[in-house]
Structure formats: structure tokens, C-alpha cells
Protein chains: 2
Amino acid sequence: MSSTTAIAVPAWPAAGSPTSRTATTLGPGTESPAAVGNARTSSAGILAAPAATTVAGYLFTRLAEAGVISVFGVPGDYSLGLLDEIAARPDLAWVGMATEQGAGYAADSYARLRGLGALVTTFGVGELSAINAIAGAYAESAPVVHIVGTPAVSARGTGLTLHHNLPGNGFAHFAAMAAEVTAAQADLRADAAPGDEIDRVLRVALRTSRPVYLAIPADVATAPVPAPAGPLLAGREDHADPAVLAAFTRDVRHALGTAASASILVGHLAQRHRLTAQVAELAAAGDLPVTVLSMAKGTFPEADPRFAGLYAGAASAKRARLAVEDTDLLITVGVTLGDTVTGGGTHQLPTSRRIDLAPDSARIGSTAYPGVGLGQALAALTAAVRVSQLRAGTYLIGPAETPPAATAQADPAAPLTQQHLWAAIQEFLLPGDLVIADQGTAFYGAAGLTLPAGTTLIGQPLWASIGWALPAALGASLAAPDRRVVLITGDGALQPTAAEFGTLLAQGAAPVVIVLNNGGYAIERVIHHACAAYHHITAWDWCKLPALMAGGTPVTTVRAVTAGDLDAAFLAAARDEACPPVLIEAVLGWADAPPLLLDLARVLAARNSYATH
Amino acid sequence: MSSTTAIAVPAWPAAGSPTSRTATTLGPGTESPAAVGNARTSSAGILAAPAATTVAGYLFTRLAEAGVISVFGVPGDYSLGLLDEIAARPDLAWVGMATEQGAGYAADSYARLRGLGALVTTFGVGELSAINAIAGAYAESAPVVHIVGTPAVSARGTGLTLHHNLPGNGFAHFAAMAAEVTAAQADLRADAAPGDEIDRVLRVALRTSRPVYLAIPADVATAPVPAPAGPLLAGREDHADPAVLAAFTRDVRHALGTAASASILVGHLAQRHRLTAQVAELAAAGDLPVTVLSMAKGTFPEADPRFAGLYAGAASAKRARLAVEDTDLLITVGVTLGDTVTGGGTHQLPTSRRIDLAPDSARIGSTAYPGVGLGQALAALTAAVRVSQLRAGTYLIGPAETPPAATAQADPAAPLTQQHLWAAIQEFLLPGDLVIADQGTAFYGAAGLTLPAGTTLIGQPLWASIGWALPAALGASLAAPDRRVVLITGDGALQPTAAEFGTLLAQGAAPVVIVLNNGGYAIERVIHHACAAYHHITAWDWCKLPALMAGGTPVTTVRAVTAGDLDAAFLAAARDEACPPVLIEAVLGWADAPPLLLDLARVLAARNSYATH
């Protein structure tokens, strides 16, 4: 059994602790260095002649300027010139991964926490192994720079088929594929302003919070080029036409002036565009209730009295539903209405009395204000709320949901259940934790938690690629080395990227890893044909993972079959001041699932037109 | 030390053994069922009204007709209707993998051995995780059917972003990406002749030996459709214009009539188009020397007196170079001149006195004969050779290369070397073995072996995606269950797909797995900066792999540090009649590499324009 006393004495550095190992922690709502541009000079106009560098030198100078320290990837012969440059720099660290997909996932979570992430892969085999991760970064808005070392320009056009290419002389197949899932692309040439091209592409990544693609031939990477002559970003870019912004400001005041009540629904794009502090400011200005989609969970303080809970359509608790669906005016901030975060599309948002703020445009009811950015819109809205008569008052109906039953109430000898698991995790969490949850029971269980102050939940419910979380835990560990990482993943989700457990330990990370072992793909079981054999996976003995790949790093392993086993494991993990990595295999019933997942699965099954079983 | 006596008593079923477990073995040169079309009726015109089925039923009926028994993949909610159909059929088996990339690699080797392979993945996350494997199948000509379960048509266009998609309502991003690396594509609709579309796409796969892409929405998979009304293929398709074929036949006779000597260089496309028996017939007709590229190694019997060895450009042995470069007339059959199979493009083929046979066209010197297929061209050429005066005679200069030193000559206590390793593997191989070698030291070592009769080497040197070989060993095991599988892979190559070791054992395969552990990417080391840290990988204790994922299957594990360790391990493996899976970790020096790889690496380094170190 666990003791609540242990929780009061954090054995791990809390969020915002100044004892950073190698990097400054950037929590949600903190401006990233990328956003302010810490270049060496404040004005490009008065510079001396720029020093010479190489294309690779130029690129990595820019990445370091934007706050990147760790660069992920797998080497290949076309990319070794790029890796030479990383190896030579004191300000960057190469993180060699077991797989390119793992590198992409790590760069994704790194980008979410630090404002930019990067990976280097080789032409063809490498880049295509990472492309699912890049597509995921696009879907979930993570600014990842995918750098691909390609065959030397001087080696092309000879008629010889080069390795990692399709037979023949075409070199554009993979770049064309990348263009489907990235926001900007460039294929650099030494004589075509490669520095300008790098800047153009990186600026798109920073402005849109989407992945971008840079192909660099082997002989271009080492080609000479002038060093950067000014900062990458001169400051935050404002795009709105002043007249449009003025109209928005006027119409917002009118909308607020005629509303009897208002509330805020927060999506993940507020965090991606580093505006969570501004959302909190807006809520405080009007004392407005705030709900979050699961993709934004943890970006608004859950202990704040204005926090009205998680909104997930029909799967929401009553308090959150009332705040969203019964308000007189709903303000949505950076939301993407995806099926897996709206209870399968069962959301009921008011259509006419709504203000929608997207990264590059705003809308009031049916009127669009193109070019009004999220930051500008929040500022205008907050000013308008301050002079309005709005107060939340009665719209926070009833108390918050009862927290999960304390673990002390469970019979220690009883088989472990999802209910007990999540109650125990709830008790185990500390302020400042980074909780990484893979798609499936892990994410939907985590979305139902009440997060302590400063605790961040990182998941991927929209792209929903199983296996994402373990490499994402590595990216998070390197992006915020002074925060405790709690990785929650499933057995089916962990197998695809389990190889990166070795990378995680080799990089010095000390996470708490909780593997939910229910013998297969539980999220698929609850959608269709629960007993079908295709839901099963090959059984692994998870506690043997460190023996294979920990390379001597001590790892505490626990196989928790009963409630008592799990409580004891958490108690030991919380108490151990040496902070070794911990791997807990939580053995769960194959048909057991968190309630949020069961609600979602019913809707998804119907949408796939499968017969009910 | 090993004993040669043990080799004489095969402990494993040899090639062509009739004791097949679940499938008929199809070695190179055997006609696959796909090529002859074993449909229920011989003529579509006189059929009774076809029975009703579903789109999924139609597709899997066709795949079974083409010789597919095992279908690889990972489930996802959009593809469960497809998996229901597989589960219901007695003629197909679902092989659930840990990763989609593993499924793609397994389908690739399965397709090479059986004439067609298939995998089922889910929309977005699943298909993109497999797309590197599909591109590899394209590059190396493996006819893989990539079946993707996509969101129901009825669920689209609602404005809701669906999971596994990019935000918004576009559903064509991933199909566009697939079109870059597949030979035919279809996105099925219930009302748009889905059966005809399936047939069209499958015929392209069989005709071109390239991968194809089938997107099937969840509600289309279960939609009713008439069952197939005739065979998929009515017979081998001949495309040549009779006049062009006649001209080719005439010009071939002329070329042969004026040649003082001729020899044959065989590429992998002869095997992919099931024409290795015809190549052997051509060689016998003229008693012509035969060389092979490494991609075709094992497709011509190496004990045949006409076999002149492996041709790899400047890295070739003298005998092979003379046969290719000094012949009066060179006949190339289905070659792709890739850098990694020509010693880095150092091949010296005669340009004017050459006959080139490609799958769908032929060429004599500078004259092209479009549409003359490989089978037609081989038949015409063989007939012409029979009436010519050609005899190989003096062009087989000198004896075959000395085989590697016998393992008995090594000091058993000496550290294991690449030289001893390959000599020991040479002794260990049995007739009929399927040798699967991953890119790197494994493949270039294996390419230097002399293969026993009926032994096949399967590698992927052109696409060269590390990690391919372990899942490929699974595909090979299921495609040819009565042959012994010897998997040779590197430590850097095994980490990316090691998760499929569990799948391999769960499917009942009993391979001999040899892991060359040299602490990193040896192939990159020999190309550039041998000591660079980015060549290292996280060390794994390979003999612990079965403990993690064998699920109770007994596996013999050996860590071979000395020559004697390896010899003892091979001796035990060859002697053990119970045929358990064997995992041998061969510990090698980090700078040790087979000679073929060293020759190649020098050329690749220069082409990448890296400075020499």
C-alpha cells in the first residue's frame, strides 16, 4: 500500500528547478529561445562581413540559435558530413538512435517542449523510416526539422543506380513524399543561396509549428557559405492587416458586451504557439471557466478554481459539458476537433455564439478575420474582457469530480485493475512531472487524471501512432532534464519502439516506465470483436528488457500482478532518492479499460460501419 | 573446432524435400502458382453466374489463387473488417507483427520466394510505418501487395478530423506518397467495379514484379460484390510486336554468328520473373560461362562448371572479370547496375558487343527492341545459340578461387575474425539453405561464399535498409517452411527490427541466427571517419534476446568470442536433430570487415566527396 506522506517530499527535482543538467527547462507557456531570437547581433544592417562557414555549419548554427541542443538520428553514408559538423560543435549533441522512427518521435516531443526539434537521417531508407513520425508531427503541430543527407550532386546523372534510391536517375521521389507531410521543403545547392533557403524553411517551422524538410547532398553539406548575417527571427511576426484587426477588436467587444456568460475551451495549439500564459491571463481577466481538450491537458493549471475539467464531447463529466455546451459565448483557443479527442465527434459546441482563435485567423460566429494571429487575438480579447461585465459565476456548476478512490481502499491481494492503476498513478504523480502516455488505454487513462501543478501530459491522440511514447520520453528527458519523466505505455505500443529503451538509458535518462500488459491491442478490442485472435501480440517478459539493452545501468524492475504489488512499487520508486530508472510491468485484464476509452470506442466502431459484437 | 563429417549428414530438410509443413516450396526458377493461374475454371465465357462475396472476400480469394498463404501486418481499427475475412478463411493465415515495417520486410522476402506477398496495415500511421519497406520492394523488384484499411467513405466529409489523418478533410495524402514507390494503385469504392480494380492492380504486381497499393475504406471492405468470374491470369502475357520479335531473333543470330566468344551476366530480375531455369538452359545450350551480380547470387548453380563467379566490378576475382570484361559478346539478363553491386560502379562492360535483356525490352548494342520480354528474349537467344558455333572454351581462365581457409586451421583460442567467421559459415552451410544476409558486413561476407547446391542468398544490397533481414527471415521461413533459414545480420542492423524475433519464434520458425557484433555500423566506419563516435550503437547483450521475447520457446544461445567458440557453436547446431532455433552472437573487431566491403567502401567515400581519413 502507498502512503500519501511520501508524496509530500518530492524525490525528484520539481518543474522550474534551477538545477538543470544540460538545458534550460521550458515548460508550456514559457517563451522558447526560438521565439525571441538570441542571435549575436541585434541588427543585420551594421554587421561586419560575415565569417565563412559550411552549409552544415550554417544550418546547425541556426538550430543552436533556436534553442536546439540535442539532434536525433541514425547515421548513413550520405549524412556523415552533417554528423561531422555536429560532432565538432560544443553547443550540440548527437543522439544516435536505434531507429529513424524513434528519432522522429524523440524530435517531436523535444520540439513540443523546446519550440524546435531536429533529426538527421539518410536518403531513402532513413527518411522513409522516419516519415510516419514526421506526419505525426504535422498532425499534432510539432516543429520538427527533418534533415536528410542525400547523394552528392556530383555523383548524379551517371546512369548508375545509387544505393538507397529506386533504380534509375530520379532523385525527387522521397522529397515529393515529404512534401505531403511537411509545411516547407528545400533541396539545397551550393550555388543557390543555401543559407537563405535554410532560413526560409526554419522560419516556416517556427511560425507554423509544423515539420519541415531539408535535403542536403553530401557535397553541399561541406560546401563553403557565408555565416548567418543576422538573427533568424527579428521578433514575433504579426501578419494581420490593421483594418482587419481593428474590426476584430470592435466585434469582440460587441460580442462580449451582449453575452450573459462566457467560457474558454483550450486546444493544443495554444501551447504549440507558446501562448498558454496568455490563455491564463484571459481566463483571469474575466474569471472565466476553462475546459481543455485532452491534447491540451496540463496546459491550464488544474488546481485553478476556474478549471472546469476535460471536455471530450458526450464522454465529458457534467461540469465540463455545462461549461462548454451551456455557456452563452464559447471562446475556443487553438483547437483541432479530432474524433479521438471529442468522444468520437460527439461534441456539441454552440455554432453562432462562438469566438474561434486559430494560429493564423480568427472567427466570430460566421465572420472570419483572416491573418489575425493567436497572440494578437488573445491580446484583443483579454483587453475586451477587462472592460466587459462578464463573470463566470454560476457556470461552474457543482464541485469538481470526485478524485479516484484512494489506493488504500483496495485489497492488496486483489488482481490489479485499470481502476486501481489510475488511482495509484494519481497518488504517485508529483508537481512538475512530465507524463508521456502512448495511444490506447495509457492515454485515455492519463487524460482522466487530475494533474498536479506544473505537470504536463504529452500524448499523441490525433495521429495515434502506437510506439510513439518511449522515444518521446527520451526527447522529453533531453528537452527538460530536470523534470521527472513518467512514461505510461501499453505492451502492444511498446514493442514497436522498445529498442529505444537502450537509447534512453544510454542518454542518462531516469524515467519511471509503466508498461500496461494486457496481452495485446486493448483499444482495438474495445472497438471490434474483443475476442479476435488478431488483437493478441507475442508475449514479452517485460522485466527482462533491461538485461538485454541497459548495458549495465541499474534499473529497478517490478512485475505488478496485484494492487498491492503496484502500490509497493510506487512507494519504493517515490522513496528512492538515487533516482534509478524504474520499469513497472502492470499486468491487467485483457478486457479492462478506462471509461473514457470505452465511451470513445463505441462511437468509432459505429463510424467504421462494423457490426456490433 | 568443426568437423566436416557433420556437414555430410544434413540435420535439416534439404531443398525440395516433400515434407512441407504448410506450403509448397518454390525455389528460384520454379514457376509460381501466380504465373500459371490455378483458378477454378479455364474459361471465363462458360461460367455459371458468379457467387456473391465481399470486396475483402474477392481480394483474398485472388491472393490465395496467386499462391499467398501468409498475410503479414499490424491491426488497426480501419482494417479490422479485412482481418475478419482473413480469420474466416481456411486458406490464409494472419501473421501479426510487432511493426508494420517488419510486416513489409517479411512480405518482401515472401514475395521473392513465392511470387507474391501481401501485408495489411491501417491508414496513415500503419501504411507510413511500412512505406520504407514498400520502397525497398520497388527498388529490388519484389511483388508486394500493400493493402491499407482506410476510414469509411460514410465517415468522411463531416468536417471532423479523423484519427491517423492530417487535420482537415483530405484523404489522399498517403495514397499520393504510395504512388511514388508502387507500380499501380487503387482506392476502392463499392460502386466502382472494385473486383476489376483489384484484378488490374494485382496483374501489374505479377507482371512487373513490383509492389502495388490498395486502399480499402472500412465500409467498402465489407460491401457485397460478385466473386471472381475467371482466373486472375489466363496465361503468361506476351507483349512484343511480332515484327519486333522477328527483328530481334534475326539480329541475335547475326550477333552470335560473328562473335568469337560469349558469356552471361545474371542480375536479380531473372529470378524475380521466374526465369532462372531458362538462364541455365541458355548457358547449357552454348556452354557459356556465367557470372552473377551479388543480387542474383544463388540463382545459378555455383557447382556448375560454367559458373565463373561473382562479378562486382573492380572488386571481382580475376576469373569473373575476364568472363565479363574480356568476352567478345556479353549477354546481360535482368541486371540493375547499382553502385553497391558493381564495386561502386567500377564495372567495365563492353558497350557495343552486348545483348541486354530487361523484363520488358531487349537491346543489342545500341538497337532497342521495345516490348520483347525477358522470357521471349531468352527463348530466342537459346534457339540462336544452339545453331551457332559458340563454345566457351578458353574463356574460363584458371581454376575457381581458393575456398576460404578451413576452420581447422585457426587457433581455437584466437579472437574471432571476419576471415574465420566466413570460413566457418562456408563449412556450416548445407544444400538447400536459405541464407538471409542484412546489408553491411553480413551481406558482403555472404556474397563471397561459395553456395552449396540449391542454396539461396537473399539480401537487399541496392535499397540497403538495415534491419530488413530479420523480418525477411520470417517471410522466408513461412514461404519455404521445409528449408533451413540461416540469418546473418549485424548488431546495428538487428536493433531496428529485433522486436520481430518474438514474431519469428511465435510463428514456429527455427532459424540459425548469427549476429555479427562489432559495436556499431561497420559499413559506415569503412566509408568515413572510422573512429567517429556516431558509428557506435548502444551495446545490447544479444544472448538475452530470447529471455525477453521467446515466450518459452527453447533457443540455444552462444556468445562466440574466439574462433573455437564459433566452431563449437556451429558443430552443435549442425548436430542437433531437434532443430531448435539457435542464436549465435559473433563478437568481432570493430575495424574488421570482409574484403568485398573494403573495396566498395573506398569508392563510395570518394563519391560522397568526403575527405579521406
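The values are calculated or read from the model by the stated rules, or taken from the named source; none is laboratory data. Everything numeric here is computed off the predicted structure, so don't read it as measured data. Quick reminder, even Gly has a Cβ in these numbers, built from the backbone with ideal geometry, and neighbours come from all protein chains shown. Only protein heavy atoms, including side chains, enter the accessible area calculation; ligands, DNA and RNA are left aside. Shrake-Rupley method; radii C 1.70, N 1.55, O 1.52, S 1.80 Å.
Looking at the range B:125-134, can you tell me whether even one residue there is part of a loop (DSSP other than H, G, I, E, B) and open to solvent by 10 Å² or more (accessible area, probe 1.4 Å)? Walk me through how you get there before you give the answer.
We begin by selecting, within the range B:125-134, every residue part of a loop (DSSP other than H, G, I, E, B); these are none.
Taking every residue of the range B:125-134 in turn, none turns out to be part of a loop (DSSP other than H, G, I, E, B) and open to solvent by 10 Å² or more (accessible area, probe 1.4 Å).
Just one of (1) within 11 Å of chain A (Cβ to nearest Cβ); (2) closer than 13 Å to B:Ala106 by Cα; (3) open to solvent by less than 10 Å² (accessible area, probe 1.4 Å) trips up B:Leu470, so point out which.
Only one criterion is unmet by B:Leu470, namely (1).
How about the range B:487-508: which of its residues are touching a strand residue (DSSP E or B) at 6+ places or on another chain (Cβ under 8 Å), under 18 Å from B:Thr553 (Cβ atoms) and either more than 14 Å from every other protein chain (Cβ to nearest Cβ) or open to solvent by 10 Å² or more (accessible area, probe 1.4 Å) (or both)?
B:Leu487, B:Gln507
How many residues are buried (at least 22 other Cβ atoms within 10 Å of the Cβ) and in contact with a Ser or Thr (Cβ under 7 Å, 6 or more places away or on another chain) if we restrict to the range A:519-562?
Qualifying residue count, the range A:519-562: 5.
Among the residues of the range B:39-53, are any modelled with pLDDT of 95 or more and in a helix (DSSP H, G or I)?
No, the range B:39-53 has no match at all.
Looking at B:Pro415, B:Pro403, can you tell me which residue is surrounded by fewer than 20 Cβ atoms within 10 Å (Cβ to Cβ), more than 25 Å from B:Thr249 (Cα to Cα) and at pLDDT 95 or above?
So the residue among B:Pro415, B:Pro403 that is surrounded by fewer than 20 Cβ atoms within 10 Å (Cβ to Cβ), more than 25 Å from B:Thr249 (Cα to Cα) and at pLDDT 95 or above is B:Pro415.
Starting from residues that are small (Gly, Ala, Ser) and not in a helix (DSSP H, G or I), keep the ones in the range B:524-554 and report whichever is farthest from the other protein chains (Cβ to nearest Cβ).
Of all residues in the range B:524-554, those small (Gly, Ala, Ser) come to B:530, B:532-533, B:539, B:547, B:550-552.
From the residues that got through so far, the ones that are not in a helix (DSSP H, G or I) too are B:530, B:532, B:539, B:550-552.
Working: B:Ala530: 11, B:Ala532: 6, B:Ala539: 5, B:Ala550: 9, B:Gly551: 5, B:Gly552: 9 Å.
Here the answer is B:Ala530.
For A:Ser141, only one of the following conditions fails: (1) crowded, with 24+ Cβ neighbours inside 10 Å; (2) at pLDDT below 95. What is its number?
The failed condition is (2).
Return the total of residues in the range A:563-607 being within 13 Å of A:Gln418 (Cα to Cα) and open to solvent by 40 Å² or more (accessible area, probe 1.4 Å).
Matching residues across the range A:563-607 total 5.
Take A:Ala480 and decide whether it is away from every other protein chain (no Cβ under 14 Å) and open to solvent by less than 10 Å² (accessible area, probe 1.4 Å).
Working: away from every other protein chain (no Cβ under 14 Å): yes; open to solvent by less than 10 Å² (accessible area, probe 1.4 Å): yes.
Answer is yes for this residue.
Which of the residues spanning the range A:83-120 are more than 14 Å from chain B (Cβ to nearest Cβ) and under 24 Å from A:Pro217 (Cβ atoms)?
Hits for the range A:83-120 are A:Ala107, A:Leu116, A:Gly117, A:Ala118.
Might you let me know whether the range B:183-206 holds any residue that is within 17 Å of the chain's Cα centre (by Cα), in a helix (DSSP H, G or I) and touching a residue at least 60 places away in the same chain (Cβ under 8 Å)? Quick ask: steps written out before the conclusion?
If we filter the range B:183-206 for residues that are within 17 Å of the chain's Cα centre (by Cα), which is where we start, we get B:205-206.
Cutting the leftovers down to in a helix (DSSP H, G or I) gives us B:205-206.
If we keep only those that are touching a residue at least 60 places away in the same chain (Cβ under 8 Å) too, we end up with B:205-206.
Within the range B:183-206, one or more residues are within 17 Å of the chain's Cα centre (by Cα), in a helix (DSSP H, G or I) and touching a residue at least 60 places away in the same chain (Cβ under 8 Å).
For the range A:348-382, name all the residues that are more than 19 Å from A:Ala262 (Cβ to Cβ) and either free of Cβ contacts under 8 Å to residues at least 24 places away in the same chain or assigned to a loop (DSSP other than H, G, I, E, B) (or both).
A:Pro359, A:Asp360, A:Ser361, A:Ala368, A:Gly371, A:Gly373
Just name the residue that is farthest from B:Ile131 (Cα to Cα) out of those in the range A:150-165 that are within 9 Å of chain B (Cβ to nearest Cβ), touching a residue at least 40 places away in the same chain (Cβ under 8 Å) and not in a helix (DSSP H, G or I).
The residue in question is A:Ala152.
Only one residue in A:Ala260, A:Ala229, A:Ala218 is modelled with pLDDT under 95 and in contact with a helix residue (DSSP H, G or I) (Cβ under 6 Å, 6 or more places away or on another chain). Which one? Walk me through it before giving the result.
On the way: A:Ala260 fails: in contact with a helix residue (DSSP H, G or I) (Cβ under 6 Å, 6 or more places away or on another chain); A:Ala218 fails: modelled with pLDDT under 95.
Within the list A:Ala260, A:Ala229, A:Ala218, the selection yields A:Ala229.
Restricting the range A:427-464 to residues that are farther than 17 Å from A:Leu600 by Cβ and of a type in the set (S, T, N, Q), which is surrounded by the most Cβ atoms within 10 Å (Cβ to Cβ)?
First pass over the range A:427-464, keeping only residues farther than 17 Å from A:Leu600 by Cβ: A:427-436, A:450-456, A:458.
Remaining after also requiring of a type in the set (S, T, N, Q): A:450, A:455-456.
Values: A:Thr450: 16, A:Thr455: 25, A:Thr456: 22.
Within the range A:427-464, the match that is surrounded by the most Cβ atoms within 10 Å (Cβ to Cβ) is A:Thr455.
Would you point out which residue out of A:Ala255, A:Ala218 is more than 14 Å from chain B (Cβ to nearest Cβ) and either touching a Leu at 6+ places or on another chain (Cβ under 9 Å) or touching a residue at least 60 places away in the same chain (Cβ under 8 Å) (or both)?
Numbers: A:Ala218 fails: more than 14 Å from chain B (Cβ to nearest Cβ).
It is A:Ala255.
Taking A:Ala193, is it open to solvent by less than 70 Å² (accessible area, probe 1.4 Å) and at negative phi?
Details: open to solvent by less than 70 Å² (accessible area, probe 1.4 Å): yes; at negative phi: no.
In short, no.
Would you tally the residues in the range A:166-180 being more than 7 Å from chain B (Cβ to nearest Cβ) and open to solvent by less than 50 Å² (accessible area, probe 1.4 Å)?
Of the residues in the range A:166-180, 7 are more than 7 Å from chain B (Cβ to nearest Cβ) and open to solvent by less than 50 Å² (accessible area, probe 1.4 Å).
What are the residues in the range B:474-501 that are over 24 Å from A:Trp542 (Cα atoms) and among the hydrophobic types (A, V, I, L, M, F, W, C), if any?
B:Ala476, B:Leu478, B:Ala479, B:Ala480, B:Val485, B:Val486, B:Leu487, B:Ile488 - these are the residues of the range B:474-501 that are over 24 Å from A:Trp542 (Cα atoms) and among the hydrophobic types (A, V, I, L, M, F, W, C).
B:Ile584 passes all but one of (1) part of a strand (DSSP E or B); (2) farther than 18 Å from B:Leu449 by Cβ; (3) of a type in the set (Val, Ile, Thr); which number fails?
(2)
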